[in-house]
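Only one structure is covered here, and it is reproduced in the block below.
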Amino acid sequence: MAATATENSATGADTPAGGHPQRWLILGVICLAQLTVLLDNTVLNVAIPSLTTEMDASTADIQWMINAYSLVQSGLLLTAGSAADRYGRKKLLAIGLALFGIGSFLAGISESAGQLIAARAGMGIGGAVLMTTTLAVVVQIFDESERTKAIGVWGAVSSLGFAAGPLIGGVLLDHFWWGSIFLINIPVAAIGLVAVVKLVPESKNPAGDRPDLVGALLSTIGMTGVVFAIISGPEEGWGSARVLLSATVGVVVLVAFALWERRVPHPMLDMAFFADRRFVGAVAGGILVAFGMGGSLFLLTQHLQFVLHYEPLDAGLRTAPLALVIVVLNLTGLGARLLPKLGTPLTIVLGMGTIAGGLAAIATLGSDDYSGMLLGLVLMGIGIALSMPAMATAVMSAIPPEKAGVGAGVNGTLTEFGNGLGVAVLGAVLNSRFVALLPAVAAGAGSLPDALEATRTPQDEAAVADAFASGVETSQLVGAAAVLAGGLLAALLLRRAERSSQPGQAE
């Protein structure tokens with residue numbers, strides 16, 4: 001049957017015993033590409049002071065520089081996954097590397113905030129293609145005996161890329177100008193492109209669904225509208241016509257996206273997936289983990305540099321424990337060993353509860369010195385190493401094998417959207433609190449440097465720094481509450497899904 005052929009092609013079930021002869025070398029190439037893409041989610045955080053000064057960028061500009069990349073990715077990931085299934089994963093992987101390299105070059109030579117935002121959006125297109133194809137290729141080249149281990153390595157590199165951005169950015173900014181954080185991607189993309197062409201086998205599903213271009217457009221517009229309103233609200237006022245219009249358009253378009261996906265013959269995101277509690281639980285948990293991580297790192301790097309006055313390299317080094325804990329725990333297989341013993345729901349709630357505890361520790365103990373931050377970073381690393389692989393497994397297990405590319409797209413979408421939303425929401429909380437606590441002499445300032453420039457006495461300067469620190473603390477606590485709630489919700493839905501499948505239905 002065609003369906004059987006489709007399933008085999010999508011899942012890699014036709015992979016010879018033992019997998020592809022060069023599977024581990026190919027995995028290394030794939031992980032290198034994945035690492036580069038994910039680094040760009042957070043590498044820009046340590047360049048915020050430089051960009052604020054050299055480009056005269058406002059807080060909203062900075063947030064858009066970060067969010068443009070994530071929003072474009074999240075809007076295109078599902079379509080990219082479907083296209084990879086249909087047209088060939090190797091082809092799409094090569095195209096993604098080329099687009100990502102070109103976008104990185106344009107970002108590195110940008111001369112204004114607008115140019116950098118546009119270049120970051122272009123990088124997001126390449127990143128979307130890369131993120132969906134890497135996981136699909138991993139599934140294809142490894143047989144079942146090694147597939148779990150390979151996905152664990154892939155997951156470890158993914159977590160490392162997300163957490164190590166501030167460290168790598170700090171090293172580069174300590175020796176070069178801010179554009180170096182983008183230009184470093186070019187040789188990596190070139191090496192990856194050559195390796196993909198020579199090593200990665202082609203695989204595709206000719207019977208796969210056509211790309212849902214209308215769905216991609218609607219989802220991108222909708223998410224952009226909502227996040228634009230969140231970013232602009234503190235500066236322009238939540239009741240302003242621009243913010244209300246943007247929010248309304250975003251919500252209406254997202255509703256239109258959901259209705260379109262229910263009616264179109266080849267949906268980018270099959271709404272029937274949301275009837276599966278495993279899927280809903282994993283999606284909710286994944287979004288809120290990324291929400292807490294993305295927003296936390298956005299706030300943390302600013303706090304280290306603006307309030308505690310660390311240089312970019314020093315700030316990056318002080319975020320390194322987060323990445324190190326994730327890598328060590330993933331490579332030692334702690335999460336993989338605990339998952340079958342504890343079960344997916346308990347593993348996820350334990351991991352997300354630990355992340356929330358880490359965020360709370362940073363907020364309450366790390367406002368004045370680094371020791372409290374260190375405790376929080378270690379706790380967050382432990383929580384991510386436990387929860388992220390479990391949630392990725394839950395998402396992929398809830399999606400039919402013949403839609404493996406779309407499954408990878410869903411997994412990437414929830415991460416990217418959560419990251420962008422975390423920066424937007426927690427950044428908005430920070431701005432609102434910061435502006436509310438500013439002394440009269442700095443009233444109306446749109447960023448910490450502007451507020452400090454308006455001060456006239458040491459007392460005013462201290463009041464501005466205290467206002468910013470208070471804003472960071474409040475934002476971190478909001479992130480902790482969101483992550484904890486997400487963990488409890490995900491565990492509840494996954495537990496119910498497990499119970500409903502016990503009477504004889506296969507998961």
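Laboratory data are not the source of any read-out in this text; all were calculated from the coordinates shown. All values derive from a computational prediction rather than experimental measurement. Every residue, glycine as well, gets a Cβ built from its backbone with ideal geometry; the counts of neighbours run over all protein chains shown.
When you count the other C-beta atoms within 10 angstrom of each residue and take the mean per peptide, 273-285, 212-224 line up highest first as 273-285, 212-224.
By the Cα gyration tensor, segment 239-337 has an equivalent ellipsoid whose semi-axes, rounded to whole angstrom, run 36, 26, 9 from largest to smallest.
Please give the contour-minus-distance gain from Ala98 to Arg337: 0.36 nm per residue of separation, less the Cα-Cα distance, rounded to one decimal in nm. List each step's numbers first, then the result.
Working: separation 239, 0.36 × 239 = 86.04 nm, distance 3.76 nm.
Length gained between Ala98 and Arg337: 82.3 nm.
In order along segment 317-332, the Karplus-derived 3J(HN,Hα) couplings, from 6.51 cos²θ - 1.76 cosθ + 1.60 at θ = phi - 60°, round to 4, 7, 9, 4, x, 4, 5, 5, 5, 4, 5, 4, 5, 5, 6, 7 Hz, and Gly and Pro are given as x.
Kindly state, to the nearest 0.05, the FRET efficiency for Val197 paired with Ala118, given R0 = 35 Å and r defined as their beta-carbon distance. The value I calculate is 0.75. The distance from the alpha carbon centre of segment 79-137 to that of segment 263-304 is 20 Å, rounded to a whole number. In a fully extended conformation the segment linking Leu452 and Ser500 would gain 11.5 nm over its present Cα-Cα distance, using 0.36 nm per residue. Computed extension length for Ala436-Thr248: 65.1 nm, one decimal, from 0.36 nm per residue of separation with the Cα-Cα distance subtracted.
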